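Taken together, the values in this text are just the output of simple stated rules run on the coordinates, not laboratory data. Predicted model only: the values in this text are computed from it and were never measured. Please note: Cβ atoms are built from the backbone with ideal geometry, for glycine as well, and neighbour counts cover all protein chains shown.
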Ligand SMILES: Cc1cc2nc3c(=O)[nH]c(=O)nc-3n(C[C@H](O)[C@H](O)[C@H](O)COP(=O)(O)OP(=O)(O)OC[C@H]3O[C@@H](n4cnc5c(N)ncnc54)[C@H](O)[C@@H]3O)c2cc1C
């Protein structure tokens, strides 16, 4: 029997399977399709996702698909600036740019290939029809006949998840449901007069998003109007008509297009005994913050170490309840913020749009028009965390100097639970936690990033979870209390 069956090998399932295998678990990885989905979807990745791929040894292979993120400007019909979403300024807290652009099918292909390269039990072209469970684990009924068994199963079978429905999960609807057509072009005329940043055209006549992707990829997302047939609009002739204000057919090649409904939905619950939901199967967001996949990868990182600890017998079953306790409210908050941005963009009533423009232009004039994207993402709360400053946020990854060279911390420090300690602060023995000391004569920080981060929180050490979330911080004399909280929260057996 496998430890975990991962059902669905989109980017979330494939990443989860790789993270579980890295922890030494026996993983069965299944997808009904042998091909990755090739229509336009995710185009923006966050630094937490990049760090996850770094940990899987995929950073170098990903480099060719990645390009810098540009500012997103919200523009009124008269061209006036309504808002700007900015990338987090340097220093890069996780040793990666906070946001980058990328091409999803290239990532998906890389992840699938990595599953094979690492020798996981991969079954492509095989669908799972149903799931049953008893005290011993889960049985998967395969569409082609036969059953396979695993101790746990994670449904990463995407937005249309049939398994989610079978399990009886409900959907909480956060009130967004709009039809859009998404078009990826490959620019052939470098002189084409296109914006040099991303733009949300908040035009009531046709709300539209323009995105500068990597290389010569340029994307338009165009809202469909009442009465427009999505399939008829996602054809070459219709799309060129829609793109006419920006581009002529001789300036670019249409690469791919698709019609979507953008939703804001959160499934409930995410856990059914030994079965979990993750990624789009658990939540769907409109794309205005580029968070669907990033949030799914956070699900994968969160669940992977917890399943590993329970399978190894290092933690009790209650640790698995913290997955939904932490992730569901967090992703719900992110989707609510995204929905609100979407409502700004999608206003189709000219009078309401004019009122919106007046109010947002006043904000810009008062110096309040700029928002740092990462500031819109709240930290985790509840679950396996302490209540100390910084808890629930991504833990910084400082650059360190090793043999005269700059290296990212995760390349040189052990994975798993670790206590990053500045200097000589005393630490009692804590089996299961690696103590990593930084400072002169120790592992030397290159830029003092962690030291400043800790100082801003009145701390001299940070306890980092295996998914690089901050469990908690401690000042001098507070470490015993932090470790005590860790013992009870991490559910050691
Ligand atoms: C226009 C658009 C723009 C977006 N932009 C961004 C962005 O910039 N940043 C971002 O983070 N996200 C973005 N997203 C969201 C992102 O693309 C998705 O969140 C992400 O692809 C979901 O990945 P997943 O692995 O959960 O699901 P999927 O990629 O949908 O994978 C599900 C897999 O499950 C398989 N499957 C289904 N049923 C079964 C079954 N019964 N048995 C076996 N296998 C099964 C399918 O074949 C599929 O391979 C965007 C989405 C859209 C539509």
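Can you list residue pairs whose Cβ atoms sit under 8 Å apart, with the first residue in the range 345-362 being within 20 Å of residue 222 (Cβ to Cβ) and the second being in a helix (DSSP H, G or I)? Count only pairs 6 or more apart in sequence or on different chains.
Note: pairs meeting the criteria are 345/288; 347/353; 347/356; 356/344.
Please go through the range 26-50 and pick out each residue that is within 24 Å of residue 416 (Cα to Cα) and either surrounded by fewer than 23 Cβ atoms within 10 Å (Cβ to Cβ) or within 14 Å of the ligand (Cβ to nearest atom) (or both).
Narrowing the range 26-50 to residues within 24 Å of residue 416 (Cα to Cα): 26-29, 45-50.
If the condition is that a residue be within 24 Å of residue 416 (Cα to Cα) and either surrounded by fewer than 23 Cβ atoms within 10 Å (Cβ to Cβ) or within 14 Å of the ligand (Cβ to nearest atom) (or both), then 26, 28, 29, 45, 46, 47, 48, 49, 50 are the ones that fit.
Among the residues of the range 294-326, what is the count of those that are more than 13 Å from the ligand (Cβ to nearest atom) and part of a helix (DSSP H, G or I)? Give the derivation first.
Filtering the range 294-326 down to residues more than 13 Å from the ligand (Cβ to nearest atom) leaves 301-302, 304-326.
Then drop every residue that is not part of a helix (DSSP H, G or I), which leaves 301-302, 304-312, 318-326.
Selection size over the range 294-326: 20.
Only one of these is crowded, with 17+ Cβ neighbours inside 10 Å, within 29 Å of residue 347 (Cβ to Cβ) and more than 16 Å from the ligand (Cβ to nearest atom): 247, 174, 225, 217. Name it. Give the derivation first.
Values: 174 fails: more than 16 Å from the ligand (Cβ to nearest atom); 225 fails: crowded, with 17+ Cβ neighbours inside 10 Å; 217 fails: more than 16 Å from the ligand (Cβ to nearest atom).
Being crowded, with 17+ Cβ neighbours inside 10 Å, within 29 Å of residue 347 (Cβ to Cβ) and more than 16 Å from the ligand (Cβ to nearest atom) holds for just one of 247, 174, 225, 217, which is 247.
Checking the conditions here, which among 314, 393 is under 30 Å from residue 412 (Cα atoms) and within 18 Å of the chain's Cα centre (by Cα)? Quick ask: steps written out before the conclusion?
Values: 314 fails: within 18 Å of the chain's Cα centre (by Cα).
None of the others qualify; the one that does is 393.
Counting only residues that are away from the ligand (no atom under 13 Å from the Cβ) and assigned to a helix (DSSP H, G or I), which one in the range 107-131 is farthest from residue 399 (Cα to Cα)? Don't jump to the end; show me each part of the working.
Taking the range 107-131 and keeping what is away from the ligand (no atom under 13 Å from the Cβ), we get 110, 113-114, 116-121.
So of that shortlist, the ones also assigned to a helix (DSSP H, G or I) come out as 110, 113-114, 116-117.
Working: 110: 26, 113: 30, 114: 27, 116: 32, 117: 29 Å.
It comes out as 116.
So which residues in the range 250-274 are within 16 Å of the ligand (Cβ to nearest atom) and part of a loop (DSSP other than H, G, I, E, B), if there are any at all?
Taking the range 250-274 as the starting set, the residues that turn out to be within 16 Å of the ligand (Cβ to nearest atom) are 254-267, 270, 272.
Of everything in the range 250-274, just one residue is within 16 Å of the ligand (Cβ to nearest atom) and part of a loop (DSSP other than H, G, I, E, B), namely 270.
Any residue at all in the range 275-288 that's under 23 Å from residue 7 (Cα atoms) and either away from the ligand (no atom under 12 Å from the Cβ) or free of Cβ contacts under 8 Å to residues at least 40 places away in the same chain (or both)? It would help to see each step written out before you state the result.
Looking only at the range 275-288, we keep the residues that are under 23 Å from residue 7 (Cα atoms), and these are 275-285.
Then keep just the ones that are either away from the ligand (no atom under 12 Å from the Cβ) or free of Cβ contacts under 8 Å to residues at least 40 places away in the same chain (or both); that gives 275-276.
There is at least one residue in the range 275-288 that is under 23 Å from residue 7 (Cα atoms) and either away from the ligand (no atom under 12 Å from the Cβ) or free of Cβ contacts under 8 Å to residues at least 40 places away in the same chain (or both).
From 153, 143, 162, grab the single residue that is under 28 Å from residue 278 (Cα atoms), within 12 Å of the ligand (Cβ to nearest atom) and surrounded by fewer than 15 Cβ atoms within 10 Å (Cβ to Cβ). Don't jump to the end; show me each part of the working.
Details: 153 fails: surrounded by fewer than 15 Cβ atoms within 10 Å (Cβ to Cβ); 162 fails: surrounded by fewer than 15 Cβ atoms within 10 Å (Cβ to Cβ).
Selected residue: 143, the only one of 153, 143, 162 that is under 28 Å from residue 278 (Cα atoms), within 12 Å of the ligand (Cβ to nearest atom) and surrounded by fewer than 15 Cβ atoms within 10 Å (Cβ to Cβ).
How about the range 195-207: which of its residues are surrounded by fewer than 22 Cβ atoms within 10 Å (Cβ to Cβ) and either touching a helix residue (DSSP H, G or I) at 6+ places or on another chain (Cβ under 6 Å) or free of Cβ contacts under 8 Å to residues at least 40 places away in the same chain (or both)?
Residues satisfying the conditions are 204, 206.
Can you tell me which residue among 331, 345 is within 16 Å of the ligand (Cβ to nearest atom) and in contact with a helix residue (DSSP H, G or I) (Cβ under 6 Å, 6 or more places away or on another chain)? Let's see the steps before the verdict.
On the way: 345 fails: in contact with a helix residue (DSSP H, G or I) (Cβ under 6 Å, 6 or more places away or on another chain).
Result: 331 is the single residue among 331, 345 that is within 16 Å of the ligand (Cβ to nearest atom) and in contact with a helix residue (DSSP H, G or I) (Cβ under 6 Å, 6 or more places away or on another chain).
Could you say whether any residue in the range 59-77 is touching a residue at least 24 places away in the same chain (Cβ under 8 Å), near the ligand (Cβ under 9 Å from one of its atoms) and in contact with a strand residue (DSSP E or B) (Cβ under 8 Å, 6 or more places away or on another chain)?
No, because not a single residue in the range 59-77 is touching a residue at least 24 places away in the same chain (Cβ under 8 Å), near the ligand (Cβ under 9 Å from one of its atoms) and in contact with a strand residue (DSSP E or B) (Cβ under 8 Å, 6 or more places away or on another chain).
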